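*Asks:* Questions regarding the structure given below will be posed in turn.
The values are calculated or read from the model by the stated rules, or taken from the named source; none is laboratory data. Predicted model only: the values in this text are computed from it and were never measured. Note: ideal-geometry Cβ built from the backbone for every residue, glycine included; neighbour counts use all protein chains shown. Each accessible area value is taken on the protein alone, full model and side chains, heavy atoms only, with ligands, DNA and RNA left out. Shrake-Rupley method; radii C 1.70, N 1.55, O 1.52, S 1.80 Å.
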Amino acid sequence: MTEDLAQKRIADDLVASGLRRGGMVLVHSSLKSMGYVPGGYETVVRGLINALGPGGTLLMPALSYATVGAEHPVFDVANTPSCVGAITEYFRTRNGTTRSVHPTHSVCGLGPNAKDMLDDHHRDHTPCGANSPYRRLRDRGGQVLMLGCGLKPNTSMHGVEELIEPPYLFGQTITYRIILPDGSKSEMACRRHSFAGFRQRYDRIGPLLEGNGMTIGEVLEATVHILECPRLWEVGASALRRDPLFFVESRA
């Protein structure tokens, strides 16, 4: 299979699985799950862009919590790497991609609505607050695509948790030093997520969305889940109100 054919196959598979042309989507991904992809990361990104079409906006998390914290509270927007997968790191460095300003939970984007989605993240004092791309994706009726990685690594669930503030969620507030792409510097105080003593179980959202808010399909060799963001937040928040520990389990 050539790179061009792989791009077309990825795009066709995504649309057949429920991705909306002209829409906005936040993508969590696993390249390995797709099998051999000629052209690698760029083929996957082009397939996503082709599936969305010229009016669509592609978003990916570029989280940096693994390297930016209390011991190293410095976030360099242009250079701090993503710690959540090789496709996200490739997308972060790809020409034309922009990145939101948040020390631990930034998002990268490409497309006509990327600026609107990303520009105000620095106004939040939590990772996934009211000005974050995660909340804006909900408010604008976007989708979340889990491409071959199951339902567990779903960062949007942190935004749902921030609505309810279950007891495990927040830890210390850290004042981060921010280095902007133009070299200027600022500071940002932000409450860090904690999860002390708990592991995340965001896969539990799956049964709650079956038949209303989630489609399952295949892209090459990968199983994909496409979640309707407003429904995800609605159902997730309801579950947390009933049981604040619904989406975690004890590490003990």
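*Asks:* Averaged per residue, what accessible area in Å² does the chain show with a 1.4 Å probe, protein chains only?
*Replies:* I get 43 Å² per residue for this part.
*Asks:* Measuring from centroid to centroid over Cα atoms, what is the spacing of the range 124-169 and the range 48-97 in Å?
*Replies:* Between the Cα centres of the range 124-169 and the range 48-97 lies a distance of 16 Å.
*Asks:* Between A252 and T2, what FRET efficiency follows from the Cβ-Cβ distance if R0 is 35 Å, with the result rounded to 0.05?
*Replies:* E between A252 and T2, to the nearest 0.05, is 0.10.
*Asks:* Of the heavy-atom accessible surface of the range 55-148 (probe 1.4 angstrom), what whole percent is carbon and sulfur?
*Replies:* Of all accessible area on the range 55-148, carbon and sulfur atoms account for 48 percent.
*Asks:* What is the spin-label model distance, in nm, from E42 to K185 if the labels are put 7 Å beyond Cα along the C-beta direction?
*Replies:* About 3.6 nm separates the two model spin labels.
*Asks:* Could you check what % of the DSSP bridge pairs in the chain are antiparallel, to the nearest 5?
*Replies:* Rounded to the nearest five, the antiparallel share is 70 percent.
*Asks:* If you don't mind, there's one more thing I want to ask. So which DSSP H runs in the chain come out at 30 Å plus along the axis (Cα) with average Kyte-Doolittle of at least 0.5?
*Replies:* None pass (Cα extent of 30 Å or more, hydropathy at least 0.5).
*Asks:* Here is a follow-up. Taking every DSSP beta bridge with both residues inside the range 1-150, roughly what % is antiparallel (nearest 5)?
*Replies:* 45 percent
*Asks:* Roughly how many nanometres apart are two label points built 7 Å out from the Cα toward the Cβ at Q172 and N212?
*Replies:* Taking the simple label geometry, Q172 and N212 are separated by 4.4 nm.
*Asks:* Work out how much length D119 to R241 would gain on full extension: take 0.36 nm times their residue separation and subtract the Cα-Cα distance, in nm to one decimal.
*Replies:* 40.9 nm
*Asks:* Nearest 0.05, what FRET efficiency do F195 and E221 give at R0 = 45 Å with Cβ-Cβ as r?
*Replies:* 0.90
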